[in-house]
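Single-structure report; data block below.
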């Protein structure tokens, strides 16, 4: 999803009726509904969904909802008046109550099924029926598709209640995780990285759920207490929420000959992905086989660029399975994510994620997801050996494409015209040995320092002796490569457009959701303001508070340095 899709709105939407006029439900109007789906959408018990692309689900409203936050940026881009976020009918809709919506809005939402693969291995164990037919949107319910200024957007409630895919869970999201996702999406967008967007956030004044969590000061890997949490609903927005796992689900059904329409439903979902995410890039006059080959190439380009950008800004998805991989090539599902502070190539915020989903292993995880994407498309090319061969060439080329992009990224971060492997690898080694803050180091380096002294603000421990000498030698070699004769001020400015100053720091976000649980949303709005201007030089007050190394007490702290679930 290119951030350039967000253009300036031509009209102002001031009421829910104005928004309703733009409703246009492409998914439910063109794809197959599960034959067992109910007309009322009251379908809340875990069950197998054997066919169809979606099920009708009426979201479950959270009780006594109140406003917590909205994205002024997204509202502006969509042409929504800010006052709308505070209106009762808008609040009710995006708190899960669709009973009152004006026509032609639907008085129910929808949820979709998808499959799961982890590093190229297909799984069904997470499905309660061990078939894969009960795995999908367990607490995410889409409630609106609208075409606004020529661009289609889908609006989805995270925490909208049970669906047939809930696997026995309560279908709720807690305030803590909702705030994290709301802020993280807007931060990533401001960083220039394709992502789902945050529309609004509402919290219940009376409804709570219990979740395992960490006691204060706990350094345990797993939660050691159960806490009561306010429930919330955050609304995320994207051109679609189609995932690699959805294509996989229908591809598996074809391979397993699960029903007579399996191949047709696979073709429908693949063509729908093209219509929603690649319209204008893939010609409508091409054959289906050719479209699938071009789709794979386009998706490869987006996915490799996305993961390269993740590494550029220090983002770690934590759990990059195929069901968390958007078919549109943007960041999706902010569950156990984190941003690297103390630099470690194997940084992993999720205790259940392992090294295979760690910071620098994300390109490998992405390639595994891309492989499964290609596997899912193969049944559509079965009668065309030439197309199958092209698809295989595209699949095999993933690692070389992403390697080239990563090398270019490192060159940009270091202000170099071309990638220098020796200089870059030496730097990464020094960064590990010195214990540097990933974001702060590259921002300080963007000032083109002449001495290691000017980098020490980003060091968790002072460099001395041999290590300091190594830094001095590296700086000298680096300055020779970037060529001091060029305009240093211009180079510094260029590097600062690549290396953000302000990054997500969990220890600064924790107080925001702790205060919000008491009804004070001030800190959410403060963080929102800071994190949506990550490349800017902000006020001295902001710098003193948000441009800081992580305090020692937050290392190894449960719920800050690591967590076992996203809730």
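The values are calculated or read from the model by the stated rules, or taken from the named source; none is laboratory data. A quick note: this is a predicted structure, and the numbers were derived from the prediction, not measured. For neighbour counting, all protein chains shown are included, and Cβ atoms are generated from backbone atoms with ideal geometry for every residue, glycine included.
Answer yes or no as to whether residue 83 is assigned by TED's automatic domain parsing to the domain that holds residue 13, crowded, with 22+ Cβ neighbours inside 10 Å and under 23 Å from residue 520 (Cβ atoms). Criteria not met by residue 83. Return a yes/no flag: does segment 380-387 have any residue that is outside any loop (DSSP other than H, G, I, E, B), over 20 Å from residue 295 (Cα atoms) and in contact (Cβ under 8 Å) with a residue 60 or more places away in the chain. No: segment 380-387 contains no residue that is outside any loop (DSSP other than H, G, I, E, B), over 20 Å from residue 295 (Cα atoms) and in contact (Cβ under 8 Å) with a residue 60 or more places away in the chain. Between 357, 343, 339, 370, the distinction of being within 18 Å of the chain's Cα centre (by Cα) and more than 18 Å from residue 323 (Cβ to Cβ) belongs to 339 only.
For segment 131-159, residues that are surrounded by fewer than 18 Cβ atoms within 10 Å (Cβ to Cβ) and more than 30 Å from residue 93 (Cα to Cα) total 1.
Candidates are the residues of segment 459-470 that are surrounded by 12 or more Cβ atoms within 10 Å (Cβ to Cβ) and within 35 Å of the chain's Cα centre (by Cα); the one that is farthest from residue 428 (Cα to Cα) is 460. Here residue 178 does not fit the description of being assigned by TED's automatic domain parsing to the domain that holds residue 64, within 25 Å of residue 500 (Cα to Cα) and in contact with a helix residue (DSSP H, G or I) (Cβ under 7 Å, 6 or more places away or on another chain).
Condition check for residue 333 on (1) modelled with pLDDT of 95 or more; (2) within 21 Å of residue 240 (Cα to Cα): one failure, at (1).
Taking segment 157-167 as the range and being under 18 Å from residue 114 (Cβ atoms) and either over 18 Å from the mean Cα position of the chain (by Cα) or not in a strand (DSSP E or B) (or both) as the test, the residues that pass are 160, 162, 163, 164, 165, 166, 167. Can you spot a residue in segment 58-76 that is modelled with pLDDT of 95 or more, surrounded by fewer than 21 Cβ atoms within 10 Å (Cβ to Cβ), over 30 Å from residue 533 (Cβ atoms) and assigned by TED's automatic domain parsing to the domain that holds residue 179? There is at least one residue in segment 58-76 that is modelled with pLDDT of 95 or more, surrounded by fewer than 21 Cβ atoms within 10 Å (Cβ to Cβ), over 30 Å from residue 533 (Cβ atoms) and assigned by TED's automatic domain parsing to the domain that holds residue 179.
In the condition set (1) surrounded by fewer than 22 Cβ atoms within 10 Å (Cβ to Cβ); (2) touching a residue at least 12 places away in the same chain (Cβ under 8 Å); (3) closer than 18 Å to residue 333 by Cβ, residue 128 is compliant with all but (3). Looking at segment 18-123, the strands (runs of 3 or more DSSP E) lying wholly inside it that each contain 3 or more residues that are farther than 30 Å from residue 265 by Cα sit at 65-70. Yes or no: residue 191 touching a helix residue (DSSP H, G or I) at 6+ places or on another chain (Cβ under 6 Å), touching a residue at least 24 places away in the same chain (Cβ under 8 Å) and under 14 Å from residue 504 (Cα atoms)? Here the answer is yes, as residue 191 does meet what is asked.
Please determine whether any residue of segment 35-44 is under 26 Å from the mean Cα position of the chain (by Cα) and surrounded by 16 or more Cβ atoms within 10 Å (Cβ to Cβ).
So far as segment 35-44 goes, no, none of its residues is under 26 Å from the mean Cα position of the chain (by Cα) and surrounded by 16 or more Cβ atoms within 10 Å (Cβ to Cβ).
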